[in-house]
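Since the structure comes first, as structure tokens, the remarks are kept for the end.
Just so it is clear, none of the values below were taken in a lab; they were calculated from the coordinates. Since we're looking at a predicted model, the values are computed, not measured. Reconstructed Cβ throughout: ideal geometry from the backbone, glycine too, with neighbour counts over all protein chains shown.
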């Protein structure tokens, strides 16, 4: 079965870019849907049952972190990858707290996005540059200090 990816960002051009990166690199993955805010993301997860949610932080209606908190408590076990313009390791504890298993900076999407999704699909996490070097952390291991 093809892994299903849900893309959530309030900017259509960003969603199109993410879709393009993924479809070119991994045509064996399915982009099952898109959403423009956190509330739509929650509804889409319920309806589409994705394996991975690529989720922006700063969005109208409901932030990505609040949406991640709701999604991580659902009965459907999908991995949450935060996709953000913010470049700060200070985000990592917040991302973990809401159930995120990794994050990719938008400025590094062409380098890290597919690798990060692949890591999450394999049960790992993706938080630090060393994750890029070793292909993500192993399932159950922390890629950053807790």
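Taking neighbour counts of Cβ atoms within 10 Å as a proxy for exposure, in what order, fewest first, do 62, 85, 90 appear?
Working: 62 16, 85 11, 90 7.
Listing 62, 85, 90 from fewest to most nearby Cβ atoms yields 90, 85, 62.
Measuring from centroid to centroid over Cα atoms, what is the spacing of segment 1-31 and segment 45-84 in Å?
Using only Cα atoms, the two centres lie 15 Å from each other.
Please sort 70-78, 1-9, 104-112 by packing, taking for each peptide the average over its residues of neighbouring beta carbons within 10 angstrom, highest first. Intermediate results must be reported in sequence, preceding the final value.
Numbers: 70-78: 14.1, 1-9: 20.6, 104-112: 16.3.
Highest mean packing first, the order is 1-9, 104-112, 70-78.
Is the C-alpha gyration tensor of segment 7-73 telling us rounded, prolate or oblate? Criteria: a/c under 1.5 is rounded; beyond that, a/b larger than b/c is prolate, otherwise oblate.
Numbers: a/c = 2.28, a/b = 1.41, b/c = 1.61.
Here segment 7-73 falls in the oblate category.
Please tell me the relative contact order of segment 4-134 in percent, rounded to the nearest whole number, where contacts are Cα pairs under 8 Å and at least six residues apart. Spell out each step's value before the answer.
On the way: 238 pairs, mean separation 27.5, N = 131.
Contact order relative to length: 21 percent.
Quick check on the exposure proxy: order 94, 86 from fewest to most C-beta atoms within 10 angstrom. Please report the intermediate quantities before stating the final value.
Details: 94 15, 86 12.
If I rank by nearby Cβ atoms, fewest first, I get 86, 94.
Using just the helices of the chain, give the 222 nm mean residue ellipticity in deg cm²/dmol: DSSP H runs with n ≥ 4 each add -39,500 (n - 2.57), and the total is spread over all residues, rounded to 500. Walk me through the intermediate numbers first.
On the way: 6 runs with 60 residues, N = 146.
One gets -12000 deg cm²/dmol as the mean residue ellipticity at 222 nm.
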